[in-house]
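First up is the structure itself, then whatever we jot down about it.
The values are calculated or read from the model by the stated rules, or taken from the named source; none is laboratory data. Fair warning: this is a prediction, and the values are worked out from it, not measured in the lab. Ideal geometry is used to build each Cβ from the backbone, glycine not excepted, and the neighbour counts take in all protein chains shown. Ligands, DNA and RNA are stripped out before the accessible areas are found, and what is left, the full protein with its side chains, is counted by its heavy atoms. Shrake-Rupley method; radii C 1.70, N 1.55, O 1.52, S 1.80 Å.
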Amino acid sequence: MEIILIVNQTLSLLTVAGQIIIVVLIASLATKRSEILNFFAKHALSFSLLVALIATLGSLFYSEIAGYDPCKLCWFQRILMYPQVILIGIAWLKKDYGIVLYSIVLSSLGALIAGYHYLLQIGIASSIGCSAVGYSINCAQRFVMQFGYITIPMMAFTAFLLIISFMVVFKKSSLSIKIK
C-alpha cells in the first residue's frame, strides 16, 4: 500500500533527524554551547509535545490503518507515550514547567522498554516470549525496517530519548533557574 510506504519513509527520516538532534544536544551540553542549549531549552515543551504527538499518531497509524497488531512491549511503550501528549500539551498551554521531571521519568521507562524491544528485534536480546501469553503477537516480529536499522521500536526509542534530551536541556538551562 502506497500510504504505508510514505509513512514508513517519513517516520524513518524523522527518526534520523531526531537522532541527529540528540547528538547535537549531547555535544552542546559537553561543550557548553549556550546558544544551541538556550534555543532548545526555550522550546523544550513545544518540541517535546511535537515528538509525543508524532509518536502517538505514528503508533495509531501502524495499528489502526496499516493493520500491524501491537505486541505486549508495544503496549507498554504506548502506555508511557500517549499520556505525555495530554500532560505536556496542558503544561505547554499553561507554561507549567513542573512537568519536566515527570516527563523524564515516563520517557526513561519508555526508552528502556523500547531499547530492549529493539535489541530483541535485531536478535541481540533473548525473547521473553510475548506471544506465549496468548494475546500478543511475537515481540521480535518486524513490520518496518528502513535504512538497515530503523524499526518501530527504534522510532519509539528515539522519540523517548528526544523528550528526555529536551527536558534535561531545559532543566540544566538558565531558563529553569529563572522559572523556579
Charge dipole magnitude, Cβ of K and R +1, D and E -1 - the chain, Cα centre, debye nearest 20 = 800 debye
key: Helix 44-60 vs. the chain, principal-axis angle (Cα, 0 to 90°, nearest 10)   = 10 degrees
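Students sometimes get this wrong: rank 33, 78 by accessible area, probe 1.4 Å, all chains present, largest first.
33, 78
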request  = Could you work out how far helix 99-121 tilts from the main Cα principal axis of the chain, as a 0 to 90 degree angle to the nearest 10?
outcome  = 30 degrees
query = Can you give the accessible area of residue 80, probe radius 1.4 Å, in Å² rounded to 10?
reply = 20 Å²
remark   = Once all protein chains are kept in place, residue 96 shows an accessible area at probe 1.4 Å, nearest 10 Å², of 80 Å²
query = To the nearest 10 degrees, how steep is helix 152-172 against the longest Cα principal axis of the chain, on a 0 to 90 scale?
reply = 10 degrees
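Suppose we take every Cα in the stretch 41-93 and form the convex hull; what volume per residue is that in Å³? Can you show the working numbers first?
Numbers: hull volume 3.6 nm³, N = 53.
Convex hull of Cα atoms, per residue: 68 Å³.
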ask   = Given (1) 62, 44, 27; (2) 49, 48, 36; (3) 51, 34, 29 as candidate values of Cα extents along the principal axes in Å, which corresponds to the one derived from the coordinates?
value = (3)
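Calculate what fraction, in whole %, of the accessible area of the stretch 14-66 sits on carbon and sulfur atoms when a 1.4 Å probe is rolled over the protein chains. Don't jump to the answer; show the numbers that get you there.
Working: 2080 of 2790 Å².
In the stretch 14-66, the share of accessible area belonging to carbon and sulfur is 75 percent.
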ask   = Ignoring ligands, DNA and RNA, how do 143, 76, 170 rank by accessible area with a 1.4 Å probe, largest first?
value = 76, 143, 170
